[in-house]
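Asker: The structure follows.
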Amino acid sequence: MEIRADLELLEFPELLRVLERYAQTPEGRKRMRELRPHSDRMRLEAQLERAREAAEYLRALGTPGKSAGLLRLDFSGIADLEPVLPKLRVEGAELEPVEISAVLALIDRAADFKHILGSLRERFPALAEAAQAVGEFRPLLRELTGKILPDGSLDDHASLELWRLRRAIEKHRKAIQDSLESFLKQHAAEGTLQEELITIRNERFVVPVKAGARRRIDGVVHGVSGSGQTLFIEPMQTIELNNELVALLEQEAQEVHRILREMTTLLSGHAGGIGAAFETITDLDLAFAKGRFAMEFDAIAPRFNDERRLRLREARHPLLEDVLRRRNASVVPLSADFDGQHRVMVISGPNTGGKTVALKTVGLLVLAAQAAIPVPAAEADLPLFEQVLADIGDYQSIEQNLSTFSAHLTNIERMAEQVGHSLQVVQTEGGRERAASSEAPGERTLVLLDELGAATDPQEGGALAVGVVDYFLKTGATVLASTHHLALKAYATNTPGVLNASVGFDEKTLQPTYKLIVGVPGKSSGLAIAQRLGLKREILERARQALSAQDEEVSRLLAQLHQTTEEAERLRGEAARREGELRERTAQLAAEWEKREKSRLAEMEKRIQSLLVDLERRGRAEIQQIQDKRLLKEAERRVARAKRELREQYDTAVLEQLGGGAEEEPAPAEAAPDVHSLREGDMVRVKALGREGIVRRRLDFSTLEVEVGAMKMKVSLEQVEPLPPAARAAVSLPANVTVHTETRLDASFSEINVIGCRAEEARARVDKFLDSAVLAVVPRVRVVHGHGMGVLRKTLHEFFGTHPLVEKFYAAPQQEGGTGATIVELRV
C-alpha cells in the first residue's frame, strides 16, 4: 500500500535520480524512477534483503579470497521489451528480427543468471530465490539461436528453402552482371553510354545511357538523372533474367515472413515465462543498482519494528553527501533516537546550523527505507509510517496572495486535517485533554515542521508553535520541529514525551558544528553569526544593548549547558577510547600467553615423543631376543601398555602444568569440568551425535576415548561438551539393571563364522565385524572360514592384507581350527 507523503518537499524524486545512475537496463531505470514508499512490511524486507545481498555480492567480487565462484552479472545491453511482450500475446503477430534477437538475448541472460545465483544459494539465498522465477528455456534457445544475424537479417540456414532461394538469387545476379558487362563492352566505343558501370533502379539492374542516344539502345527506361542528361535503361537481353530475379526476391521475402511468424509462434508459447524472466531481470537490476548505491554511500538495509521506535545512528543526507563528495568534503552525520516514550523532538540552535538538514535527513531516510532503498547510516531501526507530512521551506506566493506566514499556516492546517480528522477529545478530571480512543489517529504519521512559528510576532509565534506541537502530540504522531522560540523550548523541557535537541555552535570560531545534540535546547546565536558574516560593529553593539537582562541570562544559561554537555560528550568519548585500548591490550596479552603455552607444550610433546621412540626401540631389541611365541606376544603387549601409560602420565603432567599457573576459586560442586581436565568416568555430550557418553580414557592431549551406548569412539576435545557429575546420576535405569563399564569380550565381538558364504558376502560381513570389534576394543578375533577349496580363505587373506584396522593375521593354532580359521590382530 503506497503511503501519503510530501515527496517533493523531502526531495525524494532527486534521490531516485541518483539511484537511477546505478541501474543498467532501460526498464530498471524506469522502475527506479517509479519507486514509491509503501507500508507492506513483508515485501519491503524481501526487497531490502535482495539489495543487501547484492551489495555483499559486489563487495565479495572485488575482494581477493572472497570472490571464488562469483561471476560479474552484466545487465548492460538488455533491451526494453515492454513494447514487445504484448505482441507475443496477439495471435498471428509477427515480431521483427531485431525484436526476436532482443527476446532471445534476454532469456539467454536470464538463464545464465539463474544458473550462477542458483549455485550460490547458500551465500545469497534471496538472490537465488528471485532468480528461480526464470523458467526452462534451453530447448527454445537451441531451436532459435543462430537464425538471426547481428545486423538483424535472417541467416541463410534459418531454413532449407531460404538457403535454396538465396543461392538461386546469387546465381541470377551473377548471370545479369555477366550479361550487362558484355553489353557495356559491345557499346563502349559507340559513345552511347554515360559511364561504363552497372547500377540498380527499382530493384532492377540498369546501365546509364546518354539521353540523346535513347533510340540507339533497345531496352526499358527505369529512371532519369536529375539533370535529365542520363537515362537508366534495362537492356532487352537482361529483362527476362531481371524478371526471374524479382520473382526469386519475392519468394525470399515470403520465406522470411514465414520463418519470422514461425519463430514468433514459438516465442508466444512461452510468453508467460518470457514475461516472468523480464520481470526477474528487472528486479535483479534494481537490487544490484541499490547494492551499488549502498556500496558507494556506505548504506545499510534498515530494520522495521512494531514498537514505534525511530533510531538513526550516524545518518547522512544522501543528496548532500553526493554534492559534498564532488567537492572533496564530507557530511557530518546525525543520530536521533525516539523510543516509545518520546514521540516529539524540538530542535533549536543557530541559523545555518543544520536544523532543516536534520529534518530533511530523517524524512528522506524514512521514505527511502519504505521504498526498500538502503539508507546511509550506521544503524536504522524504524517504524512503518502511513503518512510522512512536512512543512519545510518558503511557501510565499504572490499569485495566490499568500505571505510566508500565511502559507505555512495553510500547510499546517492541511497536515492537521490529514492527521487528526478522527481525533476525539474528552475532559479529564484535571481539565487537561487527552485522546479518547486507545489507538491515536496519528500513530503511524511522521510530522516534520521547520522554523515553526516564524515570520510573525515572536511572542505570538512561540505560543502558536506550542499549540501546533501539542496538537500533533495528542494525535500520537511522531514529530520533529525546529524553532528559535523560547516558549517551545520551555514546552519541550516541561512536557512528558517531548525531547529537546540542538545543533552545535562553536563560540570560539563562531562556526556551526552541524552536530545534533539530544537532551539540551540550543541558542540561536544570531548576533554571533551576524558578527561572523561581517555586520558592522556599531550595529552589533546596539543590538546587544537592546537585549533584555532575561534574554542575556537565558543565553548565558544555554551556553553553559552546551559547554557542560560537550564536556560530558568528550569525557564519554575518552572513556570509550580507553575501554577500547584496554580491551585490545587484554586480547594482546591473552594471545601472547597462548603463544607461550603452545610453545611450551610443543617442546614437551617433542621430548615425550623422543622418550617413546627410545622406549620402543629398546623394547624391540629385547623382544627380538625372545624365542618363545607366547612370551613374545606378552612382551609386545607390555611394551604397548608402557607406551600408553607413559603418554597418560605426560598428559596428566601437561594438565597440571596448565592448571598450576594461578590460583582459582573452587568450582561449585555441580559445575561441569573443564574440557581439558576431563578424566576417566566423566560424563560428556558428543556434539555431532547429540548423545551423552562416558570418558573411558585419554588417548593423547587432545583426544578421548568415549563410550556412547554400545559404541566406543575416538573424539577430539572440541567435539565434546563436559557434563556436571550429577548428570551421571540423573540417568534413570530400570530396576535390577547394573551398568558394567569394563570392556566386555562377547563372542559376537571375538569370533565370526562365514562358512557357506560367497566370497563377496563374506568380505562384507567380516568388514562390518572388524569395525564392531575395534569399537568394542577387542584386540584379537577369530574368523572361521573352513577348508573347502581354499577360495574363501584366499579372498579373506587378501582382504586382511589391505584393511586399515588389521595389524597382522595368521592361521589359527590347531586347537582353534588350524587352517580352517584365521586369527586377526587389530589396531586398538
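The values are calculated or read from the model by the stated rules, or taken from the named source; none is laboratory data. Source: prediction; values computed, not measured. Please note: Cβ atoms are built from the backbone with ideal geometry, for glycine as well, and neighbour counts cover all protein chains shown. Side chains included, ligands, DNA and RNA excluded: accessible areas come from the protein's heavy atoms. Shrake-Rupley method; radii C 1.70, N 1.55, O 1.52, S 1.80 Å.
Asker: Exactly which trypsin sites (Lys or Arg not before Pro) in the stretch 73-145 are in a DSSP loop and have at most 12 other Cβ atoms within 10 Å?
Answerer: Arg89
Asker: For Tyr514, Tyr22, write out the residues from largest to smallest accessible area, computed with a 1.4 angstrom probe and no ligands counted.
Answerer: Ranking Tyr514, Tyr22 by accessible area, largest first, yields Tyr514, Tyr22.
Asker: If DNA, RNA and ligands are ignored and the probe is 1.4 Å, what is the ranking of Phe749, Phe278 by accessible area, most exposed first?
Answerer: The residues order as Phe749, Phe278, largest area first.
Asker: Right, here's the next one. Could you compute the net charge surrounding Val824? Neighbours are other residues with a C-beta less than 13 Å from the C-beta of Val824; K and R count +1, D and E count -1.
Answerer: -1
Asker: Starting from the Cα of Lys714, draw a straight line to each of the lysines and keep only those under 29 Å, dropping any in the same chain fewer than 8 residues away.
Answerer: Lys595, Lys598, Lys606, Lys633, Lys643, Lys687, Lys768, Lys808
Asker: If you add up the charges near Glu584, with Lys and Arg at +1 and Asp and Glu at -1, over every other residue whose beta carbon is less than 15 angstrom from its beta carbon, what do you get?
Answerer: Charge balance in the 15 Å sphere: +1.
Asker: Moving on to the next point. Count neighbours as other Cβ atoms within 10 Å of each site's Cβ, and list the GluC sites (Glu not before Pro) in the stretch 103-208 that are DSSP loop with at most 15 such neighbours.
Answerer: In loop regions of the stretch 103-208 (DSSP not H, G, I, E or B), the sparsely surrounded GluC sites (Glu not before Pro) are Glu122, Glu136, Glu195, Glu196, Glu203.
Asker: Between beta-carbons, use under 13 Å as the cut-off and find the net charge around Pro13, counting Lys and Arg +1, Asp and Glu -1.
Answerer: Overall, the nearby charge balance is -3.
Asker: Next question, about the same structure. Using amide H atoms built 1.01 Å from N in the peptide plane, name the residues 5+ places from Val479, or on other chains, whose amide H lies under 5 Å from its own.
Answerer: Val344, Met345, Val447
Asker: If you don't mind, another one. According to a simple spin-label model (label point 7 Å from Cα along Cα-to-Cβ), what is the distance in nm between Asn753 and Glu250?
Answerer: 9.8 nm
Asker: What FRET efficiency comes out for Asp771 versus Val613 if R0 is 22 angstrom and r is the Cβ-Cβ distance? Round to the nearest 0.05.
Answerer: 0.15
Asker: Next up: Heavy atoms of the protein only, probe of 1.4 Å, neighbouring chains included. What is the accessible area of Lys768 in Å², nearest 10?
Answerer: 150 Å²
Asker: Taking Lys87 as the anchor, which lysines have their alpha carbon closer than 30 Å to its alpha carbon, excluding any fewer than eight residues away along the same chain?
Answerer: Lys30, Lys114, Lys147
Asker: Treating cross-link reach as a plain straight distance, find the lysines whose alpha-carbon is under 29 Å from the alpha-carbon of Lys489, omitting any fewer than eight places away in the same chain.
Answerer: List returned: Lys355, Lys360, Lys474, Lys508, Lys515, Lys523.
Asker: Using every Cα-Cα pair within the stretch 293-346, state what percent have a distance larger than 13 Å.
Answerer: 68 percent
Asker: I need the peptides 145-157, 372-384 ranked by packing, meaning the mean over residues of other C-beta atoms within 10 angstrom, with the highest value on top.
Answerer: Highest to lowest by the protection proxy: 372-384, 145-157.
Asker: Tell me, what is the 1.4 Å probe accessible area of Leu44, in Å² to the nearest 10?
Answerer: Approximately 0 Å² for this residue.
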